[in-house]
Amino acid sequence: MSVLRFAGVKILNAAITLLVALLLISGIFAVYTVTELRGRLAEEYVLALRQLEVQYRNNPELLEEKSRQLYQNLMERYGLTGNFAQDVVTWTLRLIKSNITFDFGVTQYSYIGGTNVIGDILLLAMKNTAILFLTATLITFAVGIILGFQMARKPGSVFDRGLSVFGMISWSFPTWWVAIIMILIFSFYLRLFPAQAQYVYFELSKVPPDLPLFEKILEQVKIWLKYMTMPVLTIVLVSFGGASYLIRNIVLGILQEDFVTAARARGLPERRVIYGHVLRTSSPPIVTYLALSIVGAFGGAIITEAVFGWPGMGLVYWIAIQQSDAKVLVASTWVLTVFFILTILMLDFIYSLLDPRVRTGAT
């Protein structure tokens, strides 16, 4: 398969997946929105009708007319027709348009960044989540690659068995539980780091604007590190053992291949065999796992960010769920879906560069 045909097939598959996701997300949240609006309308109608009954209790005909007019006014205000299916279709089309254009409007609730424009809120939240989880994931895999290769070179050793056991145990720990333990130790007992990170922008705003550029950047980096250190340590502590064990198994399987035996038979140094032959061959599954871990971190950041109060996508999603803010929920879901699909598409191209057999269809 040629490169252009391979790229065309992958882009077409991504476009179809995005279209299906767009229809599903818009349809599901349209049903939720219409149901919620109908509930609000019914509640407001009952409250207003009680006042009308008191006001026109001696005139039943006028009361009926006023109640009918009240219901019609509420229907117009909430943009409903009374036909559930028709309202769902209307809202689905609205959400499809807003999702395609990334024009999500404004929200009446308070989130992060001091703005109620949903697009600006999500942009800031995505940046914060990327800063936290990209840093933690890269550190995790840097440590995991080093330890995983060492474990694979000496399978069955005390180091290999000990780290394998630690990896399985640490991987089973819930991140939120480890986060609470970290907060208890480092925030309440040792008082080394702040327990909540939502005040990071408040501290950044206190940096004097007239400082020299280098000093200003240094102060901002110090503030970010103060609030990031504990969440990053928590994620790395939970993840690096499992990453090391996974990379160890990948590398161990490749070390048993014939080309590795042939390279060693030619008298190549072990370092060259490991980092020149084995590392390149093992890079496709490692890169796949790295990319999926980064994407998965964005989707699974709700509990971690809620515990630490980190102002990212997870915290925004959690607040939106608590406040039943359908606008922010559908916008967040769509943005994360697009990010996930585009990352998978990019991963396919990277994978094809690392392993040409992906393009040719060979095994």
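The values are calculated or read from the model by the stated rules, or taken from the named source; none is laboratory data. From a predicted model like this one, the values you see are computed outputs, not experimental measurements. All Cβ positions, glycine included, derive from the backbone under ideal geometry; neighbour counts span all protein chains shown. Only protein heavy atoms, including side chains, enter the accessible area calculation; ligands, DNA and RNA are left aside. Shrake-Rupley method; radii C 1.70, N 1.55, O 1.52, S 1.80 Å.
With θ taken as phi - 60° and the coefficients 6.51, -1.76 and 1.60, list the Karplus ³J(HN,Hα) couplings across region 303-308 in order, rounded to whole Hz; mark glycine and proline as x.
So the Karplus estimates, Gly and Pro as x, are 5, 4, 5, 5, 5, 8 Hz.
Take the Cα atoms of region 68-147, build their convex hull, and give its volume per residue in Å³.
Per residue, the Cα convex hull of region 68-147 comes to 152 Å³.
Whenever you get a sec, line up Lys222, Lys216 from highest to lowest accessible area (probe 1.4 Å, protein heavy atoms).
From most accessible down to least: Lys222, Lys216.
Report, in degrees rounded to the nearest 10, the 0 to 90 angle that the Cα long axis of helix 279-299 makes with the longest principal axis of the chain.
The two axes meet at around 20 degrees.
Please express the shape of region 186-256 as an equivalent ellipsoid: the semi-axes are the square roots of 5 times the eigenvalues of the C-alpha gyration tensor, given largest first in whole angstrom.
37, 17, 8
Non-local amide H neighbours of Val106 (under 5 Å, H modeled in plane, Pro and chain starts lacking H): which ones?
Answer set, sorted by chain and number: Ile118.
Suppose all protein chains stay in the model; what accessible area per residue would a 1.4 Å probe give for the chain, in Å²?
56
Return a whole-number percent for the relative contact order of region 118-323, with Cα pairs under 8 Å and 6 or more residues apart as the contact set.
After rounding, I find 37 percent.
For region 3-101, what is the per residue volume of the convex hull drawn over the alpha-carbon atoms, in cubic angstrom?
Given the Cα convex hull of region 3-101, per-residue volume reads 79 Å³.
When the convex hull of the C-alpha atoms of region 178-318 is computed, what volume per residue in Å³ does it have?
Convex hull volume per residue, Cα atoms: 160 Å³.
Putting +1 on Lys and Arg Cβ atoms and -1 on Asp and Glu Cβ atoms, find which of Gly167, Ala263, Leu292 reaches farthest to the positive end of the dipole of region 118-323.
Ala263
If DNA, RNA and ligands are ignored and the probe is 1.4 Å, what is the ranking of Phe339, Phe149, Phe188, Phe173 by accessible area, most exposed first?
Solvent-accessible surface, decreasing: Phe188, Phe173, Phe339, Phe149.
Quick one: with all protein chains in place, what share of the accessible area of region 118-323 is carbon or sulfur, to the nearest percent (1.4 Å probe)?
Roughly 69 percent, rounded to a whole number.
Cα-based Rg of region 47-193 per 2.2 N^0.38 Å, rounded to two decimals?
2.00
Over the alpha carbons of the chain, what is the largest minus smallest coordinate on each principal axis, giving the biggest first in Å?
Here the spans come out as 104, 57, 44 Å, largest first.
How far is helix 158-172 tilted, in degrees, relative to the longest principal axis of the Cα atoms in the chain, given as a value from 0 to 90 rounded to the nearest 10?
On a 0 to 90 degree scale, this one is about 0.
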